[in-house]
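The next block holds one structure in the form of structure tokens; read it before the comments.
The values are calculated or read from the model by the stated rules, or taken from the named source; none is laboratory data. Computed from a predicted structure; not experimentally measured. All Cβ positions, even for glycine, are placed from backbone atoms using ideal geometry, and neighbour counts span all protein chains on display. For accessibility, only protein heavy atoms count, side chains too; no ligands or nucleic acids. Shrake-Rupley method; radii C 1.70, N 1.55, O 1.52, S 1.80 Å.
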Amino acid sequence: MDVDSPLDIVINGKAHAINVSNVDTLLTVLRDDLGVKSVRGGCDSAQCGSCTVLLDGKSVKSCSVLALQANGRDVVTVDGLAEADRHSSLQNHFSTQHALQCGFCTPGMLLKASEYLAQNPDPDPARIRQQLRGNLCRCTGYQNIVRAISSAAMGEESEQPDSGSLSTPLGRVEDSRLLCGEGTFTDDIELPGQLYASFLRSEVASGEIKEIDLTALKELDGVSDVFTEQDVLSDGLKSPSCSWQIMDVSGEPMRAKSRPLLSSKKVKYVGQPIAMIVATTRKVAQQAVRKIKVHYDESRPVIDLNSALKSRLVHEALDSNTAFNWQLGDEEAVQQAFSCADHVTSMQIVNNRLIAAPLETRAANGKYDEATGRYTLYATTQNPHILRRVLAEEVGIASEHQIDVVSKDVGGSFGSKIFVYGEECLCLWASRKLKAPVKWSATRAESFAADVHGRDHLTEAAIALDRDARITAIKVNTLANLGAYLSPFGSLVPTYNYAMMLVGPYSIPNVVADVTGVYTNTSPVDAYRGAGRPEATFVVETLIDGAASELGLDPSELRSRNLVQPEQIPYQTPTGLVFDSGDFPAHFEKALERAQYFSFKERQQESLKQGKRRGIGISNYVEACAIGPSAIAGVLGADYGLWESATVRFLPTAKLEVVTGSHSQGQGHETTFAQVASSVLGVSLEDISVLHGDTRCTPVGMGTYGSRSLSVGGSAVVLAAKKLVEKGRAIAAHCFNCQSSGVEFASGVFKRADGEDQITIQEIVRIAHAPHNYPEDLEPGMEATAFYDPKNFTYPSGTHICEVEIDPETGSVAVVNYTAVDDFGVVVNEPIVEGQLHGGIAQGVGQALWEHVKYDYETGNLISDSFNEYAVPRAESLPSFDISFTETPCEHNPLGVKGCGESGAIAAPPAVMNAIYSALGERVSMPATPEKVWRCIKRSAGSS
Amino acid sequence: MNISSTFHSPETIADAEAIYRESKHPIYLGGGQELVLRLQHDLEHVSDLIELSNISELNGIYAEGPTLSIGAGETHAAIAGSAVVAQKVPVLSELASNIGDSQTRNRGTIGGAIASKTRSSDWNAALLALEAMIHTTKNSHMAEDYFAKGGLTEGELITKICFEIPSKGIYLKHTRASSTDAVVGVLVTRFEKRCRVAIVGHQRVAFLCPSLEAALVSRFHQDVYDHSYIPADRFSHRAEASLDYQLNLVEVLCKKAIRGCA
């Protein structure tokens, strides 16, 4: 039994006296006992700093302070930062500098920053970055956070950023609540009668469960129930399956094994859910897991991708660990090209396993309402409608029209929250069985095992060139680790998403890719920021540098000779895609100039004088995103379409609601979608609300992933808004007593083309709601819905150049310069686009230098189970990135925009690794840890 | 948790000890960050938590002749920000200001770091290289003896640590990307007629290199470094860093520290 003690504490100037458990942390007491939801936890090991509060003016991590240690003391949370208005000056700086995206880390960041500013406000970015060591951000790449703190330190007025064509001068709409910690993240939601779930997870990577011993649970008060696989099967529930049907080269469909909702008999990876426990408190739910003893009959796990095809079977029902052998491209033509090539470069390329690790872990709160028979699921999802559909159609919880999915603020995702996992399904199901809402929030350790992982390819690649160093073919043979089960997009990522981009922005006439999807006893692998395109770009850019070196050509020269030229656009690639727009030489040349590429040798010499090795690396990319054209998706094996929806609705008082089927995890759609509607309808931003994430009030949509939101979702907004313009035009024509064709519309006003008459759209709205004198065949109201199915993917492209400095004594690699020039077509909100680049580049640098999900090869234990082991980049490890743009509008969507969310993660790894290659003259694999680099240098020195 | 953890906030060492004696499974809480996390994960079974942060006898930073005394209850932040430390023993300022991050430094205490049985602290290098005397409620230990004996005995509480003030000192460490814990840390100090080289890393205790120290006394220059002076049996191959890489780091950091103390 926990012992209670009285706690006297002042929170934001207000005194509280309550009883708390002696072992409860300050974080738990603030959130659960005192309702201060702005303080949030993002890890279990006091690494992430999201829980930072000020204790007697000093920043501390509230997850590692007992509440009683704060007895008699003063606590300040972000709610206590505001001055006269809602936001302090510091918070305003954060907003105008776009120093927050999902907002999850923001309260902790602000409090840490406020301590810094109070103590010693040095505006030096290097010092600020060092001070932020204890605060992780996964979205922003820190650059704008540092800028905001620096501006605040200099006592500057928080200025308005430059307004581009559509950009908003006052920060984002979302910032208002997120800066105060008042976002509603799924774990913030507590429902009356709340029960809490936890999951018993496998501790072995491969085995059979002999016994699940629940006897020790009797020692706990408050366990409501324990559910196992049998309970799930008895109720007829089924697992979500893979949504993308890939055909094997044999003509057979892929051999898909989907993860069971619960596995109480056989386990195939560490962390696999075995049973669900529901209890009256979160603490009891977690204690219960520890009380249960599981007896396994272990078998030797298959962990190493390289030998997996020769190892024992992961799935006994299959005759091998191959899920599919798949091919894209013209094998014969490629063979031909290789046989008469003047030069061939071949190599083995590894793409390391990663995890998205957003600061907010996954959570779900399921509620069944017996009175209405309706289910409501609050969940961290990127796609509420897909979740609803899968719950109904695949899992079988209820019919689709009886389920509501509500997702409010999501604390980052990067792909990991696309998929329907078992936990949220089971929370919803259990709520009916127990007649109470059931809530689950992943611990960080749980997250590392339970979320999908990303990347994990082993590739044999070769490039063929003619005597003019023109690339004639690329061939690739890839082993793609799928994990123990095939995840919903797990078949798409290493096949079409990957192979179709093995051309890069180059004129490569022949490509063939052979991909084998392999089962191993590891967590399932699926989309992670870039989803196949980073893997492809890494192969192409690595091959090119390798070939350049062998041919004695500068890497920029080899690229220059092979770039698709603007005159070739629209360009039909040999893999099937058509680049509808793009000027690759333009950003290539601009990047070379901005990075001062051609004076690199001087800097290299300077570094050498200091005993350091300097390298510079180029990465060109083009990628296919803004998924996507449904017809093409169908051909490629998708079960569904990839359109997006929008309802644009004038309320009777002429305020505008933009309701999107898309969603947001920090990308600022409440701002950008409002901007889009505003630009079409001429309505001010303060008169517009954007609604999303709730199936109860949004049109059916496909959600946010694949950098699709503005391109596809925003285009749906345009189409819906244009319908309203046309309707307004008809009403105006009626008012002016002329033809619709004689009415013009601009900046919110309808004008008679050949006269003085004019009427605002607001007045039109009033008329439409009170249609007393009104066109006969026209319906009342001013609301329109559009579904937009893009004609093609969008093809953003860019050139990133990275410069590194290596200390040969320790092997430490520092990124000293990073230049990015990208073409995203029309840029609707420049700070937001830059922010996406910062975050993506940070993750890409992370992959290249630090991040790696590691397993013990013998036991299959997941070594990377905390931020102590998995090195998410911190502020002091990253430089500022130089970002600029070129522009070739997308030709096929009404906004002219291209997706930008994944470009940084796609372009950065090869830029960094090519820079290291340039410095060392040898390749090391990602992540390029200091020891790896040091060993490479030692080896080269030894052999010279 | 099926343990009843009573929470105490004594204001004197005597009170703290009295509570300890009467408790079944007591634990002292300094900053307590590590312990708090372990409690959340049910890794500790504690009957009585005895918070030390209200005991003023454990505070105080002052120089007295050739030594600098630091109360065991002083936080890393307080030590890093102390004008006395900065002036008298700047290497300790540097060391303290690079432990963890600012939030952890605001809570973690030097006493807690040294007493910890689960982590190897940068302070261990300082204890050896600055010939510290660790004063506890039961005894006074020279740093080397303290490590040789395996740390504190049951119920023993560190009260203050007295460091010998060197004429020069440098602490350098190489860390992993995911943590500020030293993969290898080297602290070199120079006194009037002697010098010390202390090494800390993933191993649980730090150690001195008497052979290297002797060589440096003859000639204080990085050229006297020889890998035979490093007790290689104190290192082992680890997942985070293989043996030869650790030894390489020792050499690099030693030489750099020697250069810095010249």
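Strands (runs of 3 or more DSSP E) fully within region B:129-241 that include at least 1 residues being of a type in the set (A, V, I, L, M) and within 14 Å of chain A (Cβ to nearest Cβ): B:168-175, B:182-190. The single condition among (1) within 14 Å of chain B (Cβ to nearest Cβ); (2) more than 28 Å from A:Leu563 (Cβ to Cβ) that A:Pro831 does not meet is (1).
How about region A:310-344: which of its residues are open to solvent by less than 20 Å² (accessible area, probe 1.4 Å) and more than 34 Å from the chain's Cα centre (by Cα)? Selection gives A:Val334, A:Ala337.
Scanning region A:917-940 for residues that are assigned to a helix (DSSP H, G or I), facing chain B (nearest Cβ under 10 Å) and closer than 22 Å to A:Pro873 by Cα yields A:Pro930, A:Glu931, A:Lys932, A:Trp934.
Please verify whether B:Val36 is open to solvent by less than 30 Å² (accessible area, probe 1.4 Å) and within 14 Å of chain A (Cβ to nearest Cβ), treating the condition exactly as stated. Taking the combined requirement at face value, the residue satisfies it.
On inspection, B:Asn98 fails the criterion of being farther than 28 Å from A:Pro930 by Cβ, within 14 Å of chain A (Cβ to nearest Cβ) and touching a residue at least 24 places away in the same chain (Cβ under 8 Å). Of the residues making up region A:83-97, those that are closer than 21 Å to A:Val60 by Cβ and either open to solvent by 10 Å² or more (accessible area, probe 1.4 Å) or within 13 Å of chain B (Cβ to nearest Cβ) (or both) number 1. Residues that are of a type in the set (Ser, Thr, Tyr) and at the interface with another protein chain (Cβ under 10 Å from one of its Cβ atoms) do occur in region A:98-119, at least one of them. The set of residues in region A:862-871 that are facing another protein chain (nearest Cβ under 10 Å) and open to solvent by 10 Å² or more (accessible area, probe 1.4 Å) comprises A:Ile863, A:Ser866, A:Asn868, A:Glu869. Note on region A:559-674: enclosed helices (runs of 4 or more DSSP H) holding 1 or more residues that are basic (Lys, Arg) and surrounded by fewer than 21 Cβ atoms within 10 Å (Cβ to Cβ) are A:584-594, A:600-609.
When the residues of region A:100-128 are filtered to those that are part of a helix (DSSP H, G or I) and polar (S, T, N, Q), the one that is most open to solvent (accessible area, probe 1.4 Å) is A:Gln119. Of the residues in region A:286-309, not one is at positive phi and within 33 Å of the chain's Cα centre (by Cα).
Only one of the numbered conditions (1) under 27 Å from the mean Cα position of the chain (by Cα); (2) more than 14 Å from chain B (Cβ to nearest Cβ); (3) crowded, with 24+ Cβ neighbours inside 10 Å is violated by A:Thr77, and that is (1).
How many residues are on the phi > 0 side of the Ramachandran plot and either within 8 Å of chain B (Cβ to nearest Cβ) or without any contact (Cβ under 8 Å) to a residue 24 or more places away in the chain (or both) when one looks only at region A:39-73?
3
Restricted to region A:907-940, and to residues there that are of a type in the set (S, T, N, Q) and at pLDDT 95 or above, the residue that is least open to solvent (accessible area, probe 1.4 Å) is A:Asn914. A:Leu837 satisfies every condition listed in (1) within 30 Å of A:Lys112 (Cβ to Cβ); (2) within 14 Å of another protein chain (Cβ to nearest Cβ) except (2).
Taken across region A:519-528, residues that are out of contact with any Asp or Glu (no Cβ under 8 Å at 6 or more places or on another chain) and assigned to a helix (DSSP H, G or I) do not occur at all.
Surrounded by fewer than 20 Cβ atoms within 10 Å (Cβ to Cβ), more than 14 Å from chain B (Cβ to nearest Cβ), more than 14 Å from A:Val815 (Cβ to Cβ) and free of Cβ contacts under 8 Å to residues at least 12 places away in the same chain, is that true of A:Ser943? Considered against the rule, which asks whether it is surrounded by fewer than 20 Cβ atoms within 10 Å (Cβ to Cβ), more than 14 Å from chain B (Cβ to nearest Cβ), more than 14 Å from A:Val815 (Cβ to Cβ) and free of Cβ contacts under 8 Å to residues at least 12 places away in the same chain, A:Ser943 comes out as yes.
Checking each residue in region A:11-54 for being outside any loop (DSSP other than H, G, I, E, B), open to solvent by less than 40 Å² (accessible area, probe 1.4 Å) and under 16 Å from A:Val76 (Cβ atoms) picks out A:Ile11, A:Leu26, A:Leu27, A:Val29, A:Leu30, A:Arg31, A:Thr52, A:Val53, A:Leu54.
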